Amino acid sequence: MPSAAGTTTHDPARPADAPARTWPRTAALVLLGWLLLAWDVFAAGINSAPFFGDIPSRDRYAESGAVLLTAMVPVLLLCAIGLLSRCRLGLLFLAVPAAVVAVLGADMAGSPGDPADPDPRRPFAATDLVADLTRLNWLAAAVLLLALAAVVARRVRQSGSRPDPQA
């Protein structure tokens, strides 16, 4: 508990030289990643669901696959932030589901659409990666790039403020 002077008291259960706990950071990063992945899987599933017996078009399959594939960008940035924040094995709880989502996205991106469409076998294009459903992923990636820059700046500042042990 902080005292009136603004200093914190030492926890007697932890040694003074013990590293800070990383599980809260790991849990927060994994939870954010899961929320993003859940939203992307939900959006891709609804976008390509065969409602009332109708077959989704190739464009819908491509957009659904693209939203799942572009989800890897913010997830990788979350993992990078976690590694720089000394989170290690807990990030596997995010990386393993992300790998499954990537495989699902690649499968959806290659799925043919309704044969009655004008171009049911069109190839997956780079423009699919910036479709409407992918905007949240790119926004999350931009915010996480800023967060990654802040984490790197903090680490550089902390490494420069440590006293030289040779002096």
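The values are calculated or read from the model by the stated rules, or taken from the named source; none is laboratory data. The model shown is predicted, which means the values in this text are computed figures rather than measured ones. Positions of Cβ are backbone-derived with ideal geometry, glycine not excepted, and every protein chain shown enters the neighbour counts. Quick note on the areas: whole protein, heavy atoms, side chains included, nothing else; ligands and nucleic acids left out. Shrake-Rupley method; radii C 1.70, N 1.55, O 1.52, S 1.80 Å.
Cβ-Cβ distance below 7 Å, separation of 6 or more or different chains: which pairs start in the range 149-167 with a residue that is under 20 Å from Pro74 (Cβ atoms) and end on one that is modelled with pLDDT of 70 or more? Sorted first by the residue in the range 149-167, then by its partner, the pairs are Val151/Ile81; Val151/Leu84; Val151/Ser85; Val152/Leu84. Note on the range 89-105: residues that are more than 16 Å from Phe42 (Cα to Cα) and in contact (Cβ under 8 Å) with a residue 12 or more places away in the chain total 5.
Checked against (1) without any contact (Cβ under 8 Å) to a residue 24 or more places away in the chain; (2) open to solvent by less than 90 Å² (accessible area, probe 1.4 Å); (3) among the aromatic types (Phe, Trp, Tyr), Tyr61 meets all criteria but (1).
Here the helices (runs of 4 or more DSSP H) wholly within the range 31-136 that include at least 3 residues being in contact with a Ser or Thr (Cβ under 9 Å, 6 or more places away or on another chain) and on the phi < 0 side of the Ramachandran plot are 58-70, 92-109.
For Pro50, the stated conditions do not hold, so it cannot be described as within 30 Å of Arg155 (Cα to Cα) and open to solvent by 30 Å² or more (accessible area, probe 1.4 Å).
Evaluating Ala149 against the criteria (1) modelled with pLDDT of 95 or more; (2) under 18 Å from Arg25 (Cα atoms); (3) open to solvent by 100 Å² or more (accessible area, probe 1.4 Å) leaves one unmet condition, (3).
Gly160: modelled with pLDDT under 90 and assigned to a helix (DSSP H, G or I), yes or no?
Working: modelled with pLDDT under 90: yes; assigned to a helix (DSSP H, G or I): yes.
Answer is yes for this residue.
Determine, yes or no, whether Gly105 is open to solvent by less than 30 Å² (accessible area, probe 1.4 Å), of a type outside the set (S, T, N, Q), under 15 Å from the mean Cα position of the chain (by Cα) and within 19 Å of Tyr61 (Cα to Cα). Step through it out loud before you land on a result.
On the way: open to solvent by less than 30 Å² (accessible area, probe 1.4 Å): yes; of a type outside the set (S, T, N, Q): yes; under 15 Å from the mean Cα position of the chain (by Cα): yes; within 19 Å of Tyr61 (Cα to Cα): yes.
Answer is yes for this residue.
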